[in-house]
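Just so it is clear, none of the values below were taken in a lab; they were calculated from the coordinates. Not measured: the values here are computed from a predicted model. Cβ atoms come from the backbone with ideal geometry, glycine included; neighbour counts cover every protein chain shown.
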Amino acid sequence: MTTDGHTVPRTGNGFIDAAHSSLMEHVDAIRRDCAAGASRDSMIPRFSRFADEMRMHFDHEEVIIRAAGFTRWEEHAGHHAMLDQQFGRLIDYVRECDVTSDFLCTVAGTLDAALCGHEIRHDGDYAALVRDASLAPEGRTLIAWSSAFEVGVGPLDAQHRQLAELMNELDAMSRRAAPVRESLDLLGVLHDHVHAHFAMEEGVLRRVAPSRFVAHRNHHRLLEGQFAVIRRQVENGRLDPGVAVRGFLRFWLLDHVLGSDRPTFAEAADAAHR
Ligand SMILES: [Fe+2]
Ligand SMILES: [Fe+2]
Ligand SMILES: [Fe+2]
Ligand SMILES: [Fe+2]
């Protein structure tokens, strides 16, 4: 992975590394087109698509590093927010002002340097931790279920466990090089289970902790959006199902259970006992 002579180090998480490569290729193509004299009108949507791809990567990366136990994830998310804001301002300037092609080249170079700088400097902070958390040795179950994942509501715990088992099956399927069609079918089953689970969980939460219901339901909508993006990328052939489950979906599930459900249900139980 190189841009401007710099190398973006691998994090050891195949999903993040693929996203970094894709972003570097994207910004490289933008720089080449700007250098070739592309018009401002043709470049505005290109810049916007690049910013969208970057924002999606940041969103995914935050899920992974949080679930992997990177304690400074909020500080890292702050760097992402700052970059997103800077890029937004630059792109707005290009949209609103009649800029020269030289200026477009400068904008493209700035996007490249700022993103590359972040991937090298800040993503390096979590790389060792994420590399360890992303290891998936042969013969071991991807998500080994543990009582530490339980929220204390039997049917919800059973559903979480089933989601983990479906992900383990998806991992096993990719390791035996099953046809992508089978993985896509399994992703469809997983999708249905995710929806059914969120619906049941929201029903329980509305009864036991109505004050937490709206925020938790909104969080579920975000999670559904993230899942839908991954499924679409696998469907389009842009993402390998094994990379998806090993590099992202398992972190997505653990982040949901440990980072969101457990604290929510623990607080609800505390409030009920007070
Ligand atoms: Fe990154
Ligand atoms: Fe990052
Ligand atoms: Fe849940
Ligand atoms: Fe939840």
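Quick look at the numbers
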read-out: Check on residue 71, under 29 Å from residue 149 (Cα atoms) and exposed (fewer than 12 other Cβ atoms within 10 Å of the Cβ); value: yes
read-out: Looking only at segment 91-106, and only at residues there that are in contact (Cβ under 8 Å) with a residue 40 or more places away in the chain and part of a helix (DSSP H, G or I), the one that is farthest from the chain's Cα centre (by Cα); value: 101
read-out: Where a residue in segment 53-78 is aliphatic (A, V, I, L, M) and its partner, wherever it lies, is more than 10 Å from ligand 2 (Cβ to nearest atom) and not in a helix (DSSP H, G or I), with Cβ under 8 Å and at least six apart; value: 64/13; 68/134
read-out: Filtered residue count, segment 140-158, keeping only those that are within 16 Å of ligand 4 (Cβ to nearest atom) and surrounded by fewer than 19 Cβ atoms within 10 Å (Cβ to Cβ); value: 7
read-out: Flag for residue 90 being of a type in the set (A, V, I, L, M) and surrounded by 20 or more Cβ atoms within 10 Å (Cβ to Cβ); value: no
